[in-house]
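The values are calculated or read from the model by the stated rules, or taken from the named source; none is laboratory data. Because the structure is a prediction, the values reported are computed rather than measured. When we count neighbours, we look across all protein chains shown, and the Cβ atoms used for this are built from the backbone with ideal geometry, even at glycine. For accessibility, only protein heavy atoms count, side chains too; no ligands or nucleic acids. Shrake-Rupley method; radii C 1.70, N 1.55, O 1.52, S 1.80 Å.
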Amino acid sequence: MNAIFKELMESWEVSPADQNIYLQSAYTKSFPKNYRILKGEQCRGLVLILDGALRTFIVSPNGKEINLFVLKNGEFCILSATCILKNIHFDVCLEFIQTSNVLILPSKIFDKLSLKYPIAKQFQTELIGERLSRVVSSLSSLAFESLEDRVLNFLHSVLRREDSKDSKMLYITHEEIANALGSAREAVSRVLKELEKQGKLKTRRGIIELF
């Protein structure tokens, strides 16, 4: 698996000698579904999702969770490393929404790389910028889109994430949708009933079928 980080380091023009040193610190780790990395936990570094998926979210003062974005196979997670993001003044939580395997380059190693190799620093800056762009998009959706649009868009995004070519069936509860969207369960239930009347989906207990 280190071959992935080796290729990345080569693109950063890291010397072969330094590659050998830094790659010794990279390691793989498995996380079960629903495992959470909460605010205040020790940072982990640069994380590559080998398989699985995780979501990033913030928790409002009243306990509501607001999704920021979802990362899937082949994507890097840098928001897991709070020490890399010293100037980000909000607490981001992570949850593995599928059983996942990740490849981790510890923060101290990535810090050294970023200081010594400008291309690695540029990679870090661009990655943070792209992730923050997703955050802005999510918060804009929360502020300006109707709950009906947000619910429907969320369900379709979950379906794409499940990558089920033959089925449009989602095993998801109203409470899970509400938590993901930072809304009340009662409001989500009302929206789902309206969408069902419009013929856009069909609901059963714990199951939603999209049309």
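Results for (1) within 20 Å of F76 (Cβ to Cβ); (2) in contact with a strand residue (DSSP E or B) (Cβ under 7 Å, 6 or more places away or on another chain); (3) of a type in the set (D, E, K, R), shown as yes or no for each residue.
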site	(1), (2), (3)
L127	yes, yes, no
S140	no, no, no
L155	no, yes, no
R161	yes, yes, yes
M169	no, yes, no
I172	no, yes, no
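Go through segment 110-136 and report how many residues are open to solvent by 70 Å² or more (accessible area, probe 1.4 Å) and touching a residue at least 24 places away in the same chain (Cβ under 8 Å).
2
Specify the residue that is nearest to the chain's Cα centre (by Cα); the eligible residues are those in segment 144-170 that are without any contact (Cβ under 8 Å) to a residue 24 or more places away in the chain and open to solvent by less than 70 Å² (accessible area, probe 1.4 Å).
Within segment 144-170, the match that is nearest to the chain's Cα centre (by Cα) is V158.
Kindly list the number of the only condition in (1) under 20 Å from the mean Cα position of the chain (by Cα); (2) assigned to a helix (DSSP H, G or I); (3) among the polar types (S, T, N, Q) that fails for S189.
Among (1) under 20 Å from the mean Cα position of the chain (by Cα); (2) assigned to a helix (DSSP H, G or I); (3) among the polar types (S, T, N, Q), the lone unmet condition for S189 is (1).
Taking the residues in segment 87-97 that are open to solvent by less than 50 Å² (accessible area, probe 1.4 Å) and more than 18 Å from Q124 (Cα to Cα) as candidates, determine which candidate is modelled with the lowest pLDDT.
C93
For F57, are the conditions met, namely being open to solvent by less than 40 Å² (accessible area, probe 1.4 Å), among the aromatic types (F, W, Y) and at pLDDT 85 or above? Before you say what the answer is, go through the steps one by one.
Details: open to solvent by less than 40 Å² (accessible area, probe 1.4 Å): yes; among the aromatic types (F, W, Y): yes; at pLDDT 85 or above: no.
No; evaluated as a whole, the condition is false for this residue.
Confirm whether S11 is at pLDDT 90 or above and surrounded by fewer than 16 Cβ atoms within 10 Å (Cβ to Cβ).
The answer is yes for S11.
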